[in-house]
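We did not get these values from a lab; they are worked out from the coordinates using the rules stated. Being a predicted model, the structure only gives us computed values, none of them experimental. Ideal geometry is used to build each Cβ from the backbone, glycine not excepted, and the neighbour counts take in all protein chains shown.
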Ligand code: 13P
């Protein structure tokens, strides 16, 4: 049995005061949620305060990115050690980092390894562009990204991570993938892992992300391969994020 996960990626939104107010509103709204793992991923400047606010609740905390080195002369970066002091999760390889900040399959793999080494749970993002989808390359692109991200990891290590399938054309566009299409691609991703590690693939959680809202979450959650959602825009508001968490 794979425990469903609902994670909110706030991206570059909300100040410290806005973010802490949001989670204070969120806590009572999701406190009775059962059989679902919940996390919020605020900007790095908010992690410390939000960790304090979340103490003793059923909401986990994640960073949106990190470097792979433990420390050093990398101005502007945050390290896995810094993240590990505050968070349980870290999003790695989000398409916005790949598109705008030079993230590559190779850096994704380095970051995934660094996260696992420190006991952080990486939420590894993969997904195709609209051009790639229209050219029939969805599976090929996801396969390349997944294999690169998991390169040199053992079955034991892969069992600890989470993959998020986020088709780029569905992110922030209101144009979500149909639940059947998302299920098919996520099933395909599971088969890729199965080829090498059959049992691990059955344990591996794979989320869908891309315009998930309170009114479409249950469609995704009914699908056999989809183990939860990575939510952008709809995770910024306590009521709408709680409605997604409480989808049942
Ligand atoms: P939206 O839910 O705003 O489409 O964003 C999805 C996403 O990129 C989550 O990481």
**Message:** Every residue in segment 203-226 that is within 15 Å of the ligand (Cβ to nearest atom), under 15 Å from residue 165 (Cα atoms) and in a loop (DSSP other than H, G, I, E, B), please.
**Reply:** 210, 211, 212, 226
**Complete:** In segment 69-126, anything in a loop (DSSP other than H, G, I, E, B), under 19 Å from residue 168 (Cα atoms) and more than 16 Å from the ligand (Cβ to nearest atom) is listed as 102, 104
**Item:** Count of residues meeting criterion [away from the ligand (no atom under 16 Å from the Cβ), part of a helix (DSSP H, G or I) and in contact with a helix residue (DSSP H, G or I) (Cβ under 6 Å, 6 or more places away or on another chain)] in segment 153-188
**Value:** 4
**Request:** Sort out which residues of segment 156-186 are surrounded by fewer than 16 Cβ atoms within 10 Å (Cβ to Cβ) and more than 25 Å from residue 232 (Cα to Cα), and write them in order of number.
**Result:** 156
**Item:** Hey, residue 22 crowded, with 22+ Cβ neighbours inside 10 Å and in a helix (DSSP H, G or I) or not
**Value:** yes
**Fill in**
In segment 1-19, anything within 12 Å of the ligand (Cβ to nearest atom) and surrounded by 19 or more Cβ atoms within 10 Å (Cβ to Cβ) is listed as 6, 7, 8, 9, 10, 11
